[in-house]
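These notes are about the structure you will find just below.
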Amino acid sequence: MDDLLVSSVTTLVAQGYSVKLDTGPTVVLTRTKSVSHIWHLVASIFTVGWWIIVWVILILRKKETTIQLSVLDGQVQQQNLGKSRKN
């Protein structure tokens, strides 16, 4: 893997991404946005359970962001592959 690509991957992994596919000159990374369960528990207690509806919807709609990094002409190119539902 190219040094520029390693540096970019390291930065993104520190931001919460994980490597899904590494084929040498191209790397695919994913990140799943997490739900703060402690905050939602506190909100549920203060709203006498009504917030649980919102909490469940957020858990069911959890999405995964996918990006692709590749080296072209000595520069790292980043392409957003979109968001998909995490099962």
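Read-outs throughout are calculated quantities, based only on the coordinates presented, and are distinct from any laboratory measurement. Bear in mind the structure is a predicted one, so any value in this text is a computation, not a measurement. Don't worry about glycine lacking a Cβ; one is built from the backbone with ideal geometry, like all the others, and counts go over all protein chains shown.
Where in region 3-40 are there trypsin sites (Lys or Arg not before Pro) that are in a DSSP coil and have at most 16 other Cβ atoms within 10 angstrom of their Cβ?
Sites meeting the loop and neighbour criteria: K33.
For helix 51-60, what angle does its Cα long axis make with the longest principal axis of the chain, in degrees from 0 to 90 and rounded to 10?
30
Over 15 Å apart: what share of the alpha carbon pairs of region 38-87 falls there, rounded to a whole percent?
63
What size of dipole, in debye to the nearest 20, comes out for the chain about its Cα centre when the only charges are +1 on Lys and Arg C-beta atoms and -1 on Asp and Glu C-beta atoms?
620
Suppose only helical runs count, i.e. DSSP H with n ≥ 4. What mean residue ellipticity at 222 nm does that imply for the chain under -39500 (n - 2.57) per run, divided by all residues and rounded to the nearest 500 deg cm²/dmol?
On the way: 3 runs with 32 residues, N = 87.
Mean residue ellipticity at 222 nm (helix-derived): -11000 deg cm²/dmol.
Find which of L41, S7, I53 sits farthest along the positive direction of the dipole of the chain, computed with +1 on the beta-carbon of Lys and Arg, -1 on that of Asp and Glu, about the Cα centre.
I53
Would you please name the chymotrypsin sites (Phe, Trp or Tyr not before Pro) within region 1-72 that are DSSP coil residues with at most 16 other C-beta atoms within 10 Å of their C-beta?
W50
Given a Förster distance of 30 angstrom, what is the FRET efficiency for L58 paired with T10, based on the Cβ-Cβ distance and rounded to 0.05?
The formula returns an efficiency of 0.50 here.
Starting from one equal scatterer on each C-alpha and no solvent at all, send me the Debye-based log10 I(q)/I(0) for region 1-42 at q = 0.14, 0.18 Å⁻¹, two decimals.
For region 1-42, the Cα-only Debye profile gives -0.42, -0.56.
Can you give the convex hull volume per residue for the Cα atoms of the chain, as a whole number of Å³?
So the per-residue Cα hull volume is 88 Å³.
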